[in-house]
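The values are calculated or read from the model by the stated rules, or taken from the named source; none is laboratory data. In this text, all values refer to a predicted model and were calculated from it rather than measured experimentally. Note that each Cβ is placed from the backbone with ideal geometry, even for glycine, and that neighbours are counted across all protein chains shown. Remember, those area values only see protein heavy atoms, side chains included, never the ligands or the DNA or RNA. Shrake-Rupley method; radii C 1.70, N 1.55, O 1.52, S 1.80 Å.
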Amino acid sequence: MSVQALVFDVFGTVVDWRSSVAREVAAAARRIGIATDGVALADAWRAEYAPAMDRVRRGELPWTTIDALHRAALDALLPRFGLAALDEPARADLNRAWHRLDPWPDSVAGLRRLRHRFTLATLSNGNVALLATMARHARLPWDVILSAELFGHYKPDPEVYDGACRLLDLKPAQVMMVAAHNGDLRAAAARGLATAFVARPTEYGPAQTKDLAADGVWDVVCASFTELAAALGC
């Protein structure tokens, strides 16, 4: 293969956002003496992600970082879950739960193997500051952090994939998009990138109904980053 760099979706592909955020929600609630369903709030928070980005695409909001979109969604959701009493410092800290997401068990080991042969980069809608602090928390060995923020577009807009190839100074066929989401891979493939599907069938919990398996003709299909490393000769 001519691939020289791997670019990774992050939320759900590299890190387990649902368990991580639910844990932090529950801890924040305990600190003010309130019981709440941390998993339900995490799911509701994540459900606001795509609609918020669409409001930016439609011009209803100016370009806005994911940190800021997360915070607006959090403020709207807290009363529903009995957490309106959280003060400003507590809300700001809880919003940064997305900076402290834990990796899937295979992520770090697989990335370290892959890095022996390939340049590794994020390609996430998360903003640069979020991705950088997450990398330190989860010990993710990126060579470079690429973010939708750099291009003023969110995935799956083509400008994100084109921009990543441009900044890496590589042709699209020399860059492989790695994701647990078939839609992300379809958008990358449409711009000429190679593709790898890594199944994360519990990203949305035990009742997950989407992205349980590859639904496209991707270059690599596997169940972990360590399997990906083996498939790519690392």
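Are any residues in the range 72-101 among the charged types (D, E, K, R) and surrounded by 13 or more Cβ atoms within 10 Å (Cβ to Cβ), and if so, which ones? Break it down stepwise before answering.
Just the residues of the range 72-101 that are among the charged types (D, E, K, R), to begin with: 75, 80, 87-88, 91, 93, 96, 100.
Once the filter is applied, which keeps residues that are among the charged types (D, E, K, R) and surrounded by 13 or more Cβ atoms within 10 Å (Cβ to Cβ), the range 72-101 yields ASP75, ARG91, ASP93, ARG96, ARG100.
Within the span defined as the range 152-168, every residue fails to be among the small types (Gly, Ala, Ser), over 19 Å from the mean Cα position of the chain (by Cα) and farther than 22 Å from ARG55 by Cα. Just to be sure before I move on: is VAL221 under 24 Å from GLY163 (Cβ atoms), modelled with pLDDT of 95 or more and crowded, with 17+ Cβ neighbours inside 10 Å in the structure I sent? Answer is no for this residue. Open to solvent by 20 Å² or more (accessible area, probe 1.4 Å) and at pLDDT 95 or above: is that true of ASP211 in this structure? Criteria met by ASP211.
ALA109 fulfils the conditions (1) of a type in the set (A, V, I, L, M, F, W, C); (2) in a helix (DSSP H, G or I); (3) crowded, with 21+ Cβ neighbours inside 10 Å except for a single criterion, (3). In this structure, does THR195 turn out to be modelled with pLDDT of 95 or more and in contact with a Leu (Cβ under 6 Å, 6 or more places away or on another chain)? Yes, satisfied. When you check ASP162 against the structure, is it open to solvent by 40 Å² or more (accessible area, probe 1.4 Å), acidic (Asp, Glu) and modelled with pLDDT of 95 or more, yes or no? For ASP162, the condition - open to solvent by 40 Å² or more (accessible area, probe 1.4 Å), acidic (Asp, Glu) and modelled with pLDDT of 95 or more - is met. Any residue at all in the range 115-131 that's over 13 Å from the mean Cα position of the chain (by Cα) and free of Cβ contacts under 8 Å to residues at least 60 places away in the same chain? Among the residues of the range 115-131, at least one is over 13 Å from the mean Cα position of the chain (by Cα) and free of Cβ contacts under 8 Å to residues at least 60 places away in the same chain, which makes the answer yes.
Just to be sure I understand, how many residues within the range 175-201 are touching a residue at least 40 places away in the same chain (Cβ under 8 Å) and surrounded by fewer than 19 Cβ atoms within 10 Å (Cβ to Cβ)? The qualifying residues number 0. Inspection of the range 201-223 identifies no residue that is in contact with a Pro (Cβ under 8 Å, 6 or more places away or on another chain), at negative phi and among the hydroxyl-bearing types (Ser, Thr, Tyr).
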